[in-house]
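A short write-up of the structure that comes next.
The values are calculated or read from the model by the stated rules, or taken from the named source; none is laboratory data. Bear in mind that the values here come from a model prediction, so they are computed numbers and not experimental data. Note that we place each Cβ from the backbone using ideal geometry, even for glycine, and neighbour counts take in every protein chain shown. Side chains are part of the model used for accessible areas, which takes the heavy atoms of the whole protein and leaves out ligands, DNA and RNA. Shrake-Rupley method; radii C 1.70, N 1.55, O 1.52, S 1.80 Å.
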Amino acid sequence: MKRLAMLTVALLCFGTASAQVYKWVDGKGVTHYSDQPPPPSTPTKTKVEVKSFSTGVASVELPQELADAVRNRPVTLYTTAQCDGCSNGRAMLMARGIPFHEKTITSVDDQLALKKAGGNGQLPLLLVGRSKLTGFQQNSWDVLLSDAGYPLEKRLPPNYQYPAPVSAAPPPSPVPEAPRPVEELPKPLPPVNAPPGFQF
């Protein structure tokens, strides 16, 4: 039982070891922490900070223009191993300083997740908000990113760390075993010569 609990905690920690957390304050002054950028309805003057747990780097505040683009049209890149277009696309996004999440396709479940995201089986797949492009074509990617408000030149803070790639369909977190109910001990019987109504 103890081993299962320790394994569960270790898996949960490992699953978030390379995660990023976005921090922002909404119009009512409430601070939000999420693994997703702020929703498009968030006021444009909101400051967005990014915390990377893969390196332990402190929160990184993105420049306003970049924070607005991340909030309104987040970027996700679907890739697979031994794919020149995927490598070129990843390198292009990093060279331009585009914050993005990378999802890898290695299993049947990943392929189903890719199809659900709007992919047609061709990789890489670039999602910028609701817009998508399949296959790597630098000019098309540059136009889509510029139309989404991403700056042409790299403006990421020097200590920004990209999150590690994750599976497009990560396995579900193990569900901890429910504790067993405590069995009640039977009440002792009263002595044979006890008066009526006697209880321990």
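For Leu77, indicate whether it is surrounded by 21 or more Cβ atoms within 10 Å (Cβ to Cβ), at pLDDT below 95 and either in contact with a Gly (Cβ under 8 Å, 6 or more places away or on another chain) or assigned to a helix (DSSP H, G or I) (or both). Taking the combined requirement at face value, the residue does not satisfy it. Does region 113-135 contain at least one residue that is among the charged types (D, E, K, R), open to solvent by 10 Å² or more (accessible area, probe 1.4 Å), modelled with pLDDT under 95 and part of a loop (DSSP other than H, G, I, E, B)? Yes: region 113-135 contains one or more residues that are among the charged types (D, E, K, R), open to solvent by 10 Å² or more (accessible area, probe 1.4 Å), modelled with pLDDT under 95 and part of a loop (DSSP other than H, G, I, E, B).
Are any residues in region 86-98 in contact with a strand residue (DSSP E or B) (Cβ under 7 Å, 6 or more places away or on another chain) and open to solvent by 10 Å² or more (accessible area, probe 1.4 Å), and if so, which ones? The one that is in contact with a strand residue (DSSP E or B) (Cβ under 7 Å, 6 or more places away or on another chain) and open to solvent by 10 Å² or more (accessible area, probe 1.4 Å): Arg90. In the set (1) open to solvent by 60 Å² or more (accessible area, probe 1.4 Å); (2) closer than 21 Å to Pro38 by Cβ, the condition left unmet by Val143 is number (2). Taking every residue in region 110-134 that is at negative phi and pairing it with any residue that is outside any loop (DSSP other than H, G, I, E, B) and basic (Lys, Arg), at least 6 positions away or on another chain, the pairs with Cβ-Cβ distances below 7 Å are Leu125/Lys132; Leu126/Lys132. May I ask you to list the residues in region 99-112 that are of a type in the set (Val, Ile, Thr) and open to solvent by less than 30 Å² (accessible area, probe 1.4 Å)? Hit for region 99-112 is Ile105, nothing else.
Checking Asn139, Asn159 one by one, the residue that is among the polar types (S, T, N, Q) and more than 15 Å from Arg96 (Cα to Cα) is Asn159 and no other. Taking the numbered list (1) more than 18 Å from the chain's Cα centre (by Cα); (2) surrounded by fewer than 17 Cβ atoms within 10 Å (Cβ to Cβ); (3) within 21 Å of Lys23 (Cα to Cα) in turn, Leu66 passes all entries but (2). Selection of region 147-160 for residues being at pLDDT 95 or above and surrounded by fewer than 14 Cβ atoms within 10 Å (Cβ to Cβ) yields only Asp147. Just one residue in the set Pro163, Pro174, Pro170 is more than 24 Å from Ala117 (Cβ to Cβ), surrounded by 10 or more Cβ atoms within 10 Å (Cβ to Cβ) and at pLDDT 75 or above; that residue is Pro174. Just a yes or no: is a residue in region 86-98 small (Gly, Ala, Ser), modelled with pLDDT of 95 or more and not in a helix (DSSP H, G or I)? Yes - at least one qualifying residue is present in region 86-98.
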